[in-house]
Each structure stands twice: as structure tokens, then as C-alpha cells.
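Written out below as C-alpha cells is the structure these notes cover.
Please treat every number below as a calculation from the coordinates, not as lab data. Source: prediction; values computed, not measured. Counting neighbours? That spans all protein chains shown, and the Cβs are built from the backbone with ideal geometry, glycine included.
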Amino acid sequence: MERLLNFVYTYRAFFTLLLLELLCSWLIIQNNQFQSTKYFNSSNRLFARIHSTSQNIRDYFSLAEVNYTLAQENAFLRKRLEQRNELLKAMPATAIKDSARIRQFDFVSAKVVNNTTKYYKNFITIDRGEDAGLQPGMAVISSGYAVGKVKTVSKHFSVLISLLNLDEQVSCIIKRTGHFGTAQWDGTDPTFINLKYIPRHVMPAVGDSVVTSGYNAVFPAGTYVGKIKEFKLKEETLFYDIKVELAQDFGKLAFVEVIKSNLKKEKDSLEHITTGELK
């Protein structure tokens with residue numbers, strides 16, 4: 001410690017000059033628009049490179065996990081394709097003439113470049129935007145599990161509002177009973193979400209699957225959200241308090257799929273004409 005103090009004292013003139021130079025530079029940047037713009041543009045490029053490098057390193061060390069996730073997703077998609085083919089075979093020919101109904105949803109794959117789970121309002125950034133035809137309001141899934149929906153888009157990126165966000169609500173049903181409610185996070189545990197507005201005459205059970213209802217034309221009906229972990233019903237309340245264990249681990253998101261609903265605009269337009277308000 002004594003040597004350090006002696007070093008600082010010996011070179012006190014140099015450190016004083018360095019401090020004054022930094023102070024002058026700061027004053028110039030703060031009080032001159034041109035210098036300020038140049039500085040922040042340069043610093044943003046530097047931090048962007050640092051962030052990109054660190055993200056590439058993280059991606060490299062998580063390749064095994066990403067491959068496992070992709071293998072699961074391929075298996076899920078293969079299963080859904082087989083189910084769809086079987087359904088089309090079983091349907092009468094007159095029922096499959098509506099090509100718009102068959103192609104109701106399109107999917108755009110994207111890589112997660114930023115993600116948070118520790119805040120009350122969490123967001124996810126992906127590397128696809130307007131260039132891929134994405135628009136605010138589109139639903140997002142990963143390996144067939146609900147993730148959230150698009151909030152804002154730029155040319156090459158989109159920010160998603162996660163299910164782990166106090167402002168996000170998703171219309172869901174208990175698959176076994178068919179009763180619908182609203183799934184909404186309470187800002188506490190990132191592995192659970194609450195299912196609200198299930199009336200007291202319903203008989204839910206631990207382990208019941210909770211899936212999207214399809215009522216909002218954003219998520220396809222039947223997109224898996226999670227399973228009921230616990231529930232309780234107070235004497236004075238009309239609805240259950242239901243805790244749903246999320247199927248998606250939001251701390252491990254690597255790739256997602258954005259769902260483009262080709263019939264949503266038509267549905268919203270009809271509802272607007274009929275009720276006078278766009279839902």
C-alpha cells in the first residue's frame with residue numbers, strides 16, 4: 001500500500017494532467033453537438049461489437065443445448081405434420097376446399113438475441129423484423145410452446161412481450177374440461193403463470209393441460225402453455241386461484257417461431273363492423 005501511495009505521489013503531475021484531459025474531453029462532448037454525436041456513434045459501434053462477440057461466445061458454449069432444443073422442435077413439428085395429414089385424410093373433400101383456412105397460419109423462424117426473466121415486465125429481442133414480414137401483435141412460440149407476442153418491429157429486429165410480463169394476457173382453456181380463462185403472470189416466479197376467471201362450478205385437477213383457446217386469432221388453438229400445478233377456491237370468491245407450471249423454460253430460449261395469422265385481419269374487421277369496437 002505504501003509503494004502504491006509513493007507511486008501516485010511521484011507521478012502526481014501526470015495523474016493531474018490525465019484527470020484534467022478527461023474532464024476537458026467530457027466538457028467538449030457535453031457542450032458540442034458534433035463532438036457528442038461522433039462520440040456516441042463510435043461508442044455505440046464499440047459496444048455493439050462487444051455485445052456481438054460475447055453473444056457469439058455464449059452461443060458456442062450452448063451449442064449442445066441448442067441442438068437438443070432443435071431436435072425436440074423437429075420431433076414436435078414432425079408429429080404435428082403427421083397429425084395434420086391424418087386429419088386431412090379423415091375430413092370430407094368438401095371441407096378442405098377452403099385454401100385460406102388450411103393456410104391460416106404461416107411461421108417465421110428467428111434467433112433470440114436478448115432475453116430477460118428477472119423484471120416485472122420482461123421482453124425478448126429476436127433477429128427478424130419487417131424484412132421478414134413481422135408486425136406487432138403476432139404470436140410467438142418455441143418448440144410448440146407459447147412464448148409471447150410481437151410488441152415492436154424495426155427493419156431487422158423485433159421486440160417481443162414475454163408471457164413473463166404483467167401486461168401480457170392470453171386466452172386459454174383447460175383442455176380436459178373445455179372451460180376458458182385468462183393466463184397472466186403475477187411477477188413472482190418465472191416458471192409459473194396464473195390462470196384467472198375459471199368459475200367455481202368447474203372441477204380442475206392437478207396435471208390438467210392448459211392450452212390457448214384460439215379466440216383472439218393470434219395463437220393457433222391448442223398451443224401448449226403448461227399444466228396445472230395447484231389450485232384453491234376461497235369461499236367468498238367466484239373464481240379459482242390456479243397456478244400453471246409453464247412448459248417453456250424462458251431462461252433457455254434460443255430460437256422461436258413467429259406466427260403470422262392470415263385470417264386475423266378479416267376476423268377483427270368483421271368484429272369491428274358488428275360490435276363497433278376492434279377487439
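Observations
- Under 5 Å, built H, 5+ apart or other chain: amide partners of Phe105: Asn262
- For Asn122, the residues whose modelled amide H falls within less than 5 Å of its own, excluding neighbours fewer than 5 places apart on the same chain, are Ser162, Asn165, Leu166.
- At R0 = 41 Å, FRET efficiency that the Cβ-Cβ distance of His201 and Tyr120 yields, to 0.05: 0.80
- Cα-centre dipole for region 165-279 with unit charges at Cβ (Lys and Arg positive, Asp and Glu negative), debye to 20: 340
- Counted by neighbouring Cβ atoms within 10 Å, the residues Ile57, Ile242 run from fewest to most as Ile57, Ile242.
- Across region 231-237, computed HN-Hα scalar couplings (Karplus, 6.51 cos²θ - 1.76 cosθ + 1.60, θ = phi - 60°) run 8, 8, 9, 7, 4, 8, 9 Hz from first to last residue, x flagging Gly and Pro.
- Label point distance in nm, Leu63-Phe180, each placed 7 Å from Cα along Cα→Cβ: 4.5
- Taken along the Cα-to-beta-carbon direction at a fixed 7 Å, the label points for Phe192 and Asp167 span 2.6 nm.
- Loop-located GluC sites (Glu not before Pro) in region 177-279 (DSSP state not H, G, I, E or B) with no more than 11 neighbouring Cβ atoms inside 10 Å: Glu235, Glu236, Glu277.
- Take each peptide in 125-131, 158-164, 201-207, count the other Cβ atoms within 10 Å of every residue, and average; sorted highest first, the result is 158-164, 125-131, 201-207.
- For region 178-194, putting each phi into the Karplus relation 6.51 cos²θ - 1.76 cosθ + 1.60 with θ = phi - 60° gives couplings of x, 7, 10, x, 10, 8, 8, 6, 9, x, 10, 8, x, 9, 10, 9, 8 Hz, in residue order, rounded to whole numbers and with x for Gly and Pro.
- The mean sequence distance of close C-alpha pairs (under 8 Å, at least 6 residues apart), as a share of the length of region 98-279, puts its relative contact order at 24 percent.
- Were the residues from Phe15 through Lys111 laid out at 0.36 nm apart, the gain over their Cα-Cα distance would be 29.9 nm.
- Close amide H contacts of Thr152 (hydrogens built in the peptide plane, cut-off under 5 Å, sequence separation of 5 or more or a different chain): Val159.
- Distance from region 115-178 to region 200-279 (C-alpha centre basis), Å: 13
- Note, ³J(HN,Hα) from phi for region 196-201, Karplus 6.51, -1.76, 1.60, rounded to Hz, x at Gly and Pro: 9, 6, 8, x, 5, 7
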